[in-house]
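All remarks here apply to the structure that follows.
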Amino acid sequence: MKNILVPIGSTESAQNTLQYAINFAAEVNANVLVFRAYSVQTKAGVMINVNTIIERETNLYLRAIVNSVDRKNVSVKLISAKGSLVDSVEAIDQEMDIDLIIVGAKSNSIKEEIFLGKTAGKLVKHSELPILTVPDGYKYIPVKNILIAFKSGIVKSKTALKPLQFIAKKFNAEVNLLQVKTADYTDEDLVINKDLEKLKSSLTITENATIFQGVLQHFQKYQPDMLCVFRRKRGFFKKLWEKNTVLKEEFYTDVPLLILKGK
């Protein structure tokens, strides 16, 4: 893992998320790319170069955020880009080869009922990159216990498990598997991918209406400091990622959530 991208939102959450990302990067010897996208809406008759002004203000904002945290000798690069969040992330990935996105769960949202705000939600919905969301106010601790919750043990993507494999090895973390049999599971779903099987410290099979209910039932048993799920193309998580925001009543965790791209 070489490059971690950190999209920046509001000041308060941005400082906390960036400090988490830097602490994480220091442990895994990765670079941190601090990023903010901006858009410009011009009006007829405006003579000044609005693009230049907004780009300068964006860079000043990024520098202020970076200067407010402990960089821990981690290489930190600032990136501002004109355009949409998702398009900008794709362009950065093509140029820099991003291994992981670390983003604040709520980003700019101040609504208490929101778990994933628009920034994190858009990235989960549209980006093919693995994403680690950091809850509001969460302070970094080394990852020692990971709970991965899933319905189907099938993992067709050859790269989906890479971030989980890397984190588990780097931190020498336990990986506890929680397979949730929902009403529409098939016998094929019960066959666990061999690479996922190799990671397991334990396996629990439970029956619940949704994966989230399975997590709620077993979370205290494992007390993980990281939760992991797949962004599936079908089932509960397909419905969850259809929107750009996720409500706490739909899904919630007070520890970092690693979202893997899976088919």
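The values are calculated or read from the model by the stated rules, or taken from the named source; none is laboratory data. Nothing here was measured: the structure is a model prediction, and the numbers come from that model. Note that each Cβ is placed from the backbone with ideal geometry, even for glycine, and that neighbours are counted across all protein chains shown. With ligands, DNA and RNA removed, areas are computed over all heavy atoms of the protein, side chains included. Shrake-Rupley method; radii C 1.70, N 1.55, O 1.52, S 1.80 Å.
A simple packing score, the average count of other Cβ atoms within 10 Å per residue, orders the peptides 180-191, 72-83, 210-221 as 210-221, 72-83, 180-191, with the highest score first. For the chain, the residue among 6, 177, 213 whose Cα projects farthest onto the positive side of the dipole built from Cβ charges is 6.
Multiplying the residue separation of residue 203 and residue 172 by 0.36 nm and subtracting their alpha-carbon distance yields 9.4 nm.
For every helix of n ≥ 4 consecutive DSSP H residues, a contribution of -39,500 (n - 2.57) applies; sum these over the chain, divide by its total residues, and give [θ] at 222 nm rounded to the nearest 500 deg cm²/dmol. Helix-only estimate at 222 nm: -10500 deg cm²/dmol. With K and R counted +1 and D and E -1, the other residues having a Cβ less than 15 Å from that of residue 97 yield a net charge of -2. Tilt of helix 50-67 relative to the longest C-alpha principal axis of the chain, in degrees (0 to 90, nearest 10)? The angle comes out near 60 degrees. Using a/c under 1.5 as the rounded threshold, could you call the chain rounded, prolate or oblate? The axes a ≥ b ≥ c are square roots of the C-alpha gyration tensor eigenvalues, and prolate needs a/b larger than b/c, oblate otherwise. The shape class here is prolate.
Here the range 145-254 exposes an accessible surface that is 48 percent carbon and sulfur, computed with a 1.4 Å probe and the other protein chains kept in place. If the chain linking residue 217 and residue 72 were pulled fully straight, counting 0.36 nm for each residue of separation and taking away their Cα-Cα distance, it would gain 48.4 nm. Remark: relative contact order (the chain) = 21 percent; criterion is Cα-Cα distance under 8 angstrom and separation of 6 or more residues. For the chain, modelled as a GNM whose springs connect Cα atoms under 10 angstrom apart, the maximal fluctuation among 36, 56, 232 occurs at 56. In terms of packing, defined here as the mean over residues of other Cβ atoms within 10 angstrom, the peptides 202-208, 95-101 line up highest first as 95-101, 202-208. Filter the cross-link list 170/200; 162/200; 125/151; 162/248; 2/77 down to pairs whose alpha-carbon distance in this structure exceeds 23 Å. In this structure, 162/248 lie more than 23 Å apart at Cα. For the chain, set up a GNM with springs between Cα atoms under 10 Å and report which of 249, 128, 90 has the largest fluctuation. The residue with the greatest mean-square fluctuation here is 249. Evaluated at q = 0.22 Å⁻¹, the base-10 log of the normalised Debye intensity for the range 155-255, with identical point scatterers placed on the Cα atoms, takes the values -1.55.
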